[in-house]
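Each remark here refers to the structure printed beneath this line.
The values are calculated or read from the model by the stated rules, or taken from the named source; none is laboratory data. Please read all numbers here as calculations on a predicted model, not as lab measurements. So basically every Cβ, Gly included, is an ideal-geometry build from the backbone, and we count neighbours across all protein chains shown. Each accessible area value is taken on the protein alone, full model and side chains, heavy atoms only, with ligands, DNA and RNA left out. Shrake-Rupley method; radii C 1.70, N 1.55, O 1.52, S 1.80 Å.
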Amino acid sequence: MRHPDLAGTTIREASAGRKGGCLQTTSVACMHGTFVAGILSARRASVTPGICPDCTLVVRPIFSDLIPNEAETPTATPEELASAIVDCMAAGAQVLNLSVGLIRPSIRGERLLQEALDAATRQGVLVVAAAGNQGTVGSSTITRHPWVIPVVACNVRGVPLEYSNLGCSIGTQGLCAPGERVMSLGIDENGVALEGTSVATPFVTGTIALLWSLFPNIQATRVRFAVTRGSSARARTVVPPLLNAWNAYQSMVQAYS
């Protein structure tokens with residue numbers, strides 16, 4: 001969060017003991033967080049400009065950057081993620097970006113996660129989540145929750161990457177977004193390219209944040225409808241449609257200007 005291209009961004013911490021800064025700048029957790037923050041909020045003059053640089057970032061770390069041999073994709077338990085969701089909502093976040101994979105599922109943990117997502121629904125806090133990179137067809141506690149917008153990673157032609165998870169709930173309520181060789185902030189002033197559903201997710205989150213900043217008095221359900229439905233109907237398929245920010249903006253203008 002101390003990257004020079006995030007200078008000027010309003011950043012608040014919804015921390016339960018962990019700070020948002022990196023203890024090891026070369027860790028996967030640090031690179032992952034910096035990369036996602038860059039897509040959302042890097043300054044417009046950056047080599048990798050962000051989508052909504054004037055939006056406020058609420059940071060709630062859940063990955064340790066001190067764990068050796070950490071997996072390539074940062075992961076958290078359902079209990080850790082549920083706690084982070086509750087903390088972010090308490091801090092006033094309006095949109096949650098879940099670029100995360102889950103480990104060690106348990107009945108208790110998934111119940112807590114379900115309760116946290118139910119609370120987000122009641123409070124009108126939009127939730128955007130990575131569909132996952134296992135190349136499976138199915139769902140998880142996150143992607144099948146009716147309030148969550150799951151995100152599939154696609155290439156420049158809009159085709160889902162072969163390892164991106166798909167499924168009925170993902171196809172029904174989710175979106176595809178760019179997830180191949182995406183450039184964003186690295187641990188120094190140079191950009192870095194990454195890929196996967198964690199990379200694709202902040203494109204949807206940033207679009208929602210930017211639209212909501214333009215129409216701040218609109219209810220969450222209407223913003224969600226504009227982004228996920230736009231001006232076109234959805235087909236029943238395991239592959240969601242491609243994010244179309246312009247269509248979402250136009251539908252908001254026509255409805256609320």
Seminar exercise, completed: Between Ile103 and Thr121, the two model label points (7 Å from Cα along the beta-carbon direction) sit apart by a distance in nm of 3.0 nm
Problem set entry | Accessible area per residue, Å², region 70-148 with all protein chains present, probe 1.4 Å | 45 Å²
For this session: Could you run the Karplus curve 6.51 cos²θ - 1.76 cosθ + 1.60 with θ = phi - 60° over region 110-121 and give me ³J(HN,Hα) per residue in whole Hz, x for Gly and Pro?
Result: 6, 5, 4, 5, 4, 5, 5, 5, 4, 5, 4, 4
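Using 0.36 nm per residue of separation minus the Cα-Cα distance, give me the extension gain between Ser257 and Phe225 in nm, one decimal. Before the final figure, lay out the partial values.
Numbers: separation 32, 0.36 × 32 = 11.52 nm, distance 1.64 nm.
Additional length available on full extension: 9.9 nm.
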Exercise. From the phi of every residue in region 195-207, what ³J(HN,Hα) in whole Hz does the Karplus formula 6.51 cos²θ - 1.76 cosθ + 1.60 yield, where θ is phi - 60° and glycine or proline is x?
Worked result: 8, x, 6, 5, 6, 6, 4, x, 5, 6, 4, x, 4
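Test of understanding: what is the full-extension gain from Val47 to Gln24, defined as 0.36 nm times their sequence separation minus their Cα-Cα distance? The partial results should precede the final answer.
Working: separation 23, 0.36 × 23 = 8.28 nm, distance 2.34 nm.
This chain segment gains 5.9 nm when fully extended.
Of the heavy-atom accessible surface of the chain (probe 1.4 angstrom), what whole percent is carbon and sulfur?
Details: 6670 of 12450 Å².
That fraction is 54 percent.
Which shape class applies to region 57-185: rounded if a/c is under 1.5, otherwise prolate when a/b exceeds b/c and oblate if not, where a ≥ b ≥ c are the square roots of the Cα gyration tensor eigenvalues?
Details: a/c = 1.44, a/b = 1.23, b/c = 1.17.
Rounded, because the longest to shortest axis ratio a/c is under 1.5.
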Seminar exercise, completed: The FRET efficiency for Asp54 and Asn247, from their Cβ-Cβ distance with R0 = 25 Å and rounded to 0.05, is 0.65
Seminar exercise, completed: Under a Gaussian network model of the chain whose springs join Cα atoms within less than 10 Å, the largest fluctuation of Gly101, Gly33, Gly138 belongs to Gly138
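Can you bin the chain into rounded, prolate or oblate? Criterion: square roots of the alpha carbon gyration tensor eigenvalues sorted a ≥ b ≥ c, rounded for a/c under 1.5, prolate for a/b above b/c, oblate for the rest.
Details: a/c = 1.29, a/b = 1.14, b/c = 1.13.
Rounded is the answer for the chain, as its axis ratio a/c remains below 1.5.
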Seminar exercise, completed: Computed ³J(HN,Hα) along region 127-133: with the Karplus parameters 6.51/-1.76/1.60, θ = phi - 60°, integer Hz and x for glycine or proline, the list is 10, 10, 9, 5, 6, x, 10
For this session: Just subtract the alpha-carbon distance of Arg111 and Ile218 from 0.36 nm times their residue separation and send over the number in nm, one decimal.
Result: 35.5 nm
For this session: At 7 Å along the Cα-to-beta-carbon direction for both Tyr163 and Met183, put a label point, then send me their distance in nm to one decimal.
Result: 2.3 nm
Exercise. What is the antiparallel percent of DSSP beta bridges lying wholly in the chain, to the nearest 5?
Worked result: 20 percent
Problem set entry | Solvent exposure, largest accessible area first (probe 1.4 Å, DNA, RNA and ligands not counted), of Asp54, Asp5 | Asp54, Asp5
